[in-house]
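Accompanying notes for the structure given below.
The values are calculated or read from the model by the stated rules, or taken from the named source; none is laboratory data. Note that the structure is a prediction, hence the values are computed from the model and not measured. With ideal geometry, Cβ positions are generated from the backbone for all residues, glycine too; neighbour counts draw on all protein chains shown. SASA here: full protein model, heavy atoms, side chains in, ligands and nucleic acids out. Shrake-Rupley method; radii C 1.70, N 1.55, O 1.52, S 1.80 Å.
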Amino acid sequence: MLFRSAEEYRDALRMLWIKDGIVWILRFARLPFGLTCSPYILAAVLEKHLNSSAVDKQLVHQILAAFYVDDNIWSVKTHEELLERSDITLKEFLKAGMKLRQWNSNSDEAREIFRKQGDDTPDKEMILGLKWDVRTDLVSKIGRAHV
């Protein structure tokens with residue numbers, strides 16, 4: 001995701017580039033992800049976009065609360081709720097030019113739908129530094145399993 005940086009702030013986003021013995025001073029015209037402020041800016045952009053959408057405010061709160069930096073992790077009670085929420089989330093983020101990817105679920109039916117949409121759905125995932133076995137729906141850290 002790229003955000004245009006205002007002209008007056010570009011000097012704060014400079015870097016040196018040496019090519020053929022010549023030192024070039026380059027300035028970013030776009031805000032690179034990975035800066036200390038990037039998670040805050042991403043959260044602010046997501047909140048502004050979703051709050052200005054027609055999506056139910058309770059669902060907006062659930063979507064925003066499920067983010068950790070650029071991972072969105074949530075659970076639902078029914079398969080229908082999963083498909084409805086993923087569909088709404090995908091459509092809203094596409095309106096903002098953001099394609100959400102790498103969907104996965106412990107539901108075989110949902111995993112098949114995600115595969116058809118082009119997502120790789122491995123049997124084991126890393127979620128916030130923990131291992132998630134999608135098939136058994138167990139989260140573990142260094143050999144110990146937690147339900």
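Only one of L90, L64, L42, L59 is open to solvent by less than 40 Å² (accessible area, probe 1.4 Å), farther than 30 Å from D11 by Cα, part of a helix (DSSP H, G or I) and touching a residue at least 12 places away in the same chain (Cβ under 8 Å); which?
On the way: L90 fails: touching a residue at least 12 places away in the same chain (Cβ under 8 Å); L64 fails: open to solvent by less than 40 Å² (accessible area, probe 1.4 Å); L42 fails: farther than 30 Å from D11 by Cα.
Answer to the selection: L59.
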Task: Residues of segment 128-147 satisfying the condition of being at pLDDT below 85 and either assigned to a loop (DSSP other than H, G, I, E, B) or surrounded by 14 or more Cβ atoms within 10 Å (Cβ to Cβ) (or both) - done: L128, G129, I142, G143, V147
Task: Residues within segment 72-87 that are of a type outside the set (V, I, T) and in a loop (DSSP other than H, G, I, E, B), tallied - done: 3
Task: segment 1-35: number of residues that are within 17 Å of the chain's Cα centre (by Cα) and exposed (fewer than 12 other Cβ atoms within 10 Å of the Cβ) - done: 2
Task: Condition met for T78 (open to solvent by less than 70 Å² (accessible area, probe 1.4 Å), hydroxyl-bearing (S, T, Y), over 19 Å from the mean Cα position of the chain (by Cα) and under 30 Å from E112 (Cα atoms)) - done: yes
Task: Looking only at segment 97-127, and only at residues there that are charged (D, E, K, R) and not in a loop (DSSP other than H, G, I, E, B), the one that is most open to solvent (accessible area, probe 1.4 Å) - done: K116
